[in-house]
């Protein structure tokens, strides 16, 4: 709708916004939620009349509704820092890489990675518009390790695949090295470094706390 258009009563309005590439998914979601909440308040006729709301005031309050809190900003910063650390410390493969490394590569470049992912044998993350698979999920022939499917099954449903990646990447108190350190304390291991210990990693996945911040 243009600025000069006056909507008819009962008209459904929509707002189209182009999201910059690489923007964290939480930002547009927070903005959308704020706008929806504000518009629900403002388009009640009695509210508009009672508060004498102007167009400029509506815009001002909508922005205020959508503005992320300090806690939200801190969470986003921590998330970005954690993702950056994982990308720098890990080895990542695209679906095309996995396709190329097969003994007989399928004609479709997204295969077999996309099929393995669909069947819960591996997981991937999205970064800068690209889908990436952690290298530790595969054996020397670039086939999925059977333990990955067991772990993902124990981990359960998830909305954020970066949280899963962080769970694999960082030390987990449910998995410890054999023997203790010089201070006599247990040394936690990252699940990705203990994939040969099926019972331990599956048990740790069941007891996850659901955090992605290192």
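For the pair residue 206 and residue 74 in one chain, pulling the backbone fully straight at 0.36 nm per residue adds 44.7 nm over the alpha carbon distance. Rounded to 0.05, the FRET efficiency of the residue 158 and residue 178 pair, given R0 = 45 Å and the Cβ-Cβ distance, is 0.90.
Length available on full extension from residue 139 to residue 187: 0.36 nm per residue minus the Cα-Cα distance, which gives 14.7 nm.
Each principal axis of the range 74-206 carries a Cα extent, and these read 54, 35, 26 Å when sorted largest first.
Counting other Cβ atoms within 10 Å as a rough exposure proxy, the listed residues 18, 82 run 18, 82 from fewest neighbours to most.
Working from Cα pairs under 8 Å separated by at least six residues, relative contact order for the range 74-206 is 20 percent. Each of 127, 169 was scored by other Cβ atoms within 10 Å of its Cβ. Listed from fewest to most, they are 127, 169.
By other beta-carbon atoms within 10 Å, ranking 151, 83 with the fewest at the front produces 83, 151.
Read-outs: derived from the displayed coordinates by stated rules, not from any lab. Everything quoted here is computed from the prediction, not taken from an experiment. All Cβ positions, even for glycine, are placed from backbone atoms using ideal geometry, and neighbour counts span all protein chains on display.
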